[in-house]
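S.K.: Just dropping this structure here.
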Amino acid sequence: MTELTLPRRPEAVLIDLAGVLHVGDAAIPGSVRALALLRESGLKLRFLTNTTRSPRADIATLLERLGFDIAESEIQTAAAAARHVVDARGLKPLYLIHPALDAEMGPSAAAPDAVVMGDMGPHLTYEHLNRAFRLLMDGAPFIAMARNRYFREEDGLSLDMGAFVTGLEFSSGVGAEIVGKPAAGFFHAALDTLGVSADRAVLIGDDLHDDVGAAQEAGIAGVLVRTGKYRPDDEQDEAVRAARVVDDFGAAVALLLESP
């Protein structure tokens, strides 16, 4: 079990978006004011999301409409991390991505040499999966933006892309390289842009494993909020113990601002 304590004087806060600040098109009560208070404190901030159904510009627009003061440049997405890997390695992928990401990621190659998977939502078909499967069986590398199990929408929990990533891994025998959460590099990249070390940072998230547990494996203390995808059983999990568990983002901010 990886368990960390909160730093006495944190310098940076990494904040998950969906489930912490908002659910769907609704801000979680108190979160707009709490973020304003956190900004006034002078702590450095980055906002992390594994959402791969919307480009970063659209995420920033939604947050602005909900009342949050968050610049597009402050948002780190799993899709952007995947695009960085593709460009750095000169890959020509088959993209299994939501149509909303087409402009940000670019078209699939005519003769793909890699598979890059995001959350296609209702657009995912057997034909998509089978084409990816055949490429993997022929030796193509497998890059997945995330492996989340589920997320919360306004009408309840919804199946996330992890089920399909795992299915392709099982059938092809090819392990996916995860570039979003819970990859340690995703958290460290955010801190690198802020110039802050892991032991001087805190993460606030609603997912015990992919937010809090992954951050703590990367050396960053995690605060779990009881909103979004949080489940009561999370507090009895034997594998991951959050540094603190609080009711919501407002309580998390109050906790950090009370730190001596």
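The values are calculated or read from the model by the stated rules, or taken from the named source; none is laboratory data. This structure is a prediction, so every number in the text was calculated from the model and none was measured. Positions of Cβ are backbone-derived with ideal geometry, glycine not excepted, and every protein chain shown enters the neighbour counts. Side chains are part of the model used for accessible areas, which takes the heavy atoms of the whole protein and leaves out ligands, DNA and RNA. Shrake-Rupley method; radii C 1.70, N 1.55, O 1.52, S 1.80 Å.
S.K.: In this structure, is L62 part of a helix (DSSP H, G or I) and touching a Gly at 6+ places or on another chain (Cβ under 8 Å)?
M.R.: Details: part of a helix (DSSP H, G or I): yes; touching a Gly at 6+ places or on another chain (Cβ under 8 Å): no.
Answer is no for this residue.
S.K.: Please list, ordered by first then second residue, the pairs with beta carbon atoms under 7 Å, 6 or more apart or interchain, first in segment 98-110 and touching a residue at least 40 places away in the same chain (Cβ under 8 Å), second loosely packed, with under 10 Cβ neighbours inside 10 Å.
M.R.: Hits for this filter: zero, empty list.
S.K.: Tell me, yes or no, whether segment 11-24 has at least one residue that is acidic (D, E), in a strand (DSSP E or B), open to solvent by less than 50 Å² (accessible area, probe 1.4 Å) and in contact (Cβ under 8 Å) with a residue 60 or more places away in the chain. Write out each step before concluding.
M.R.: Within segment 11-24, the first condition is being acidic (D, E), and the residues that meet it are 11, 16.
Those still in the list that are in a strand (DSSP E or B) too: 16.
So of that shortlist, the ones also open to solvent by less than 50 Å² (accessible area, probe 1.4 Å) come out as 16.
Filter once more, keeping what is in contact (Cβ under 8 Å) with a residue 60 or more places away in the chain: 16.
The answer is yes, given that some residue of segment 11-24 is acidic (D, E), in a strand (DSSP E or B), open to solvent by less than 50 Å² (accessible area, probe 1.4 Å) and in contact (Cβ under 8 Å) with a residue 60 or more places away in the chain.
S.K.: Would you pick out the residues in segment 108-122 that are within 21 Å of the chain's Cα centre (by Cα) and either at pLDDT 95 or above or open to solvent by less than 70 Å² (accessible area, probe 1.4 Å) (or both)? Working first, answer last.
M.R.: In the first step, residues of segment 108-122 are kept if they are within 21 Å of the chain's Cα centre (by Cα); the result is 115-122.
Selection gives V115, V116, M117, G118, D119, M120, G121.
S.K.: Please go through segment 123-148 and give me each residue that is modelled with pLDDT of 95 or more, open to solvent by less than 60 Å² (accessible area, probe 1.4 Å), farther than 17 Å from K92 by Cα and of a type outside the set (V, I, T), ordered by number.
M.R.: Within segment 123-148, L124, L129, N130 meet the criteria.
S.K.: Follow-up question, since we're still on this one. Please count how many residues of segment 1-54 are of a type outside the set (K, R) and more than 20 Å from E154 (Cβ to Cβ). Please lay out each step first, then the result.
M.R.: Our first condition is that a residue be of a type outside the set (K, R); within segment 1-54, this holds for 1-7, 10-32, 34-38, 40-43, 45, 47-52, 54.
Okay, now just the ones that are also more than 20 Å from E154 (Cβ to Cβ), so 1-7, 10-15, 34-38, 40-43, 45, 47-48.
The qualifying residues number 25.
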